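Let me begin by presenting the structure, written as structure tokens, before commenting on it.
The values are calculated or read from the model by the stated rules, or taken from the named source; none is laboratory data. Since the model is a prediction, treat every value here as computed from it, not as a measurement. Cβ placement follows ideal geometry from the backbone for every residue including glycine, while neighbour counts extend to all protein chains displayed.
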Amino acid sequence: MSNIVVQMLLIGLVAGVAGGMFGIGGGAIMVPAMVLFVGLDQKFATGTSIAAQILPIGILGAAVYYRNGNINIKYAVIIALGLVVGNLFGALFANQPFISSEVMKKLYGLFLLLLGLRYLLER
């Protein structure tokens, strides 16, 4: 197995574990890992992450949460609708000629920083 295949499998595994534990994975794990460890361009990593998530990757993890009574189906459907529309608008914006990969990196880093600070400083 080639080095890149092993790296991508490890990225998927770590993102899958994080997704099962925290409900994150795509943007928070896969994109930075592909940029920082594999050397992919920010936009290429984002597109690859979205493509990897097209299939119902959370189905098995969701089944465990559902079996334990930890899912609100109504909220999940509403969020999914927002995700479909939001994903479209986000992709359209990110792929504008005036949005460079460097701008994407900075916006993404700022997003993660603010989110992390909110979690760390929350009472």
Heads up, the helices (runs of 4 or more DSSP H) in region 14-101 (entirely inside) with at least 3 residues that are under 29 Å from N3 (Cα atoms) and at pLDDT below 90 are 42-52, 59-67
Complete set of residues in region 1-17 that are over 11 Å from G61 (Cα atoms) and hydrophobic (A, V, I, L, M, F, W, C): M1, I4, V5, V6, M8, L9, L10, I11, L13, V14, A15
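Which of the residues spanning region 12-35 are more than 12 Å from T48 (Cβ to Cβ) and in contact with a Leu (Cβ under 9 Å, 6 or more places away or on another chain)?
First, pick out the residues of region 12-35 that are more than 12 Å from T48 (Cβ to Cβ): 13-14, 16-25, 28-29, 32.
Once the filter is applied, which keeps residues that are more than 12 Å from T48 (Cβ to Cβ) and in contact with a Leu (Cβ under 9 Å, 6 or more places away or on another chain), region 12-35 yields G20, A28, P32.
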Out of V64, V77, report the one residue that is free of Cβ contacts under 8 Å to residues at least 60 places away in the same chain, more than 21 Å from M21 (Cβ to Cβ) and out of contact with any strand residue (DSSP E or B) (no Cβ under 9 Å at 6 or more places or on another chain). V77
Checking the condition without any contact (Cβ under 8 Å) to a residue 60 or more places away in the chain, closer than 26 Å to V77 by Cβ, of a type in the set (G, A, S) and surrounded by fewer than 18 Cβ atoms within 10 Å (Cβ to Cβ), which residue from G39, G19, G58 passes? G58
Residue pairs meeting the criteria (Cβ under 9 Å; at least 6 apart or on separate chains; first without any contact (Cβ under 8 Å) to a residue 24 or more places away in the chain, in region 105-116; second outside any helix (DSSP H, G or I)): L107/I99
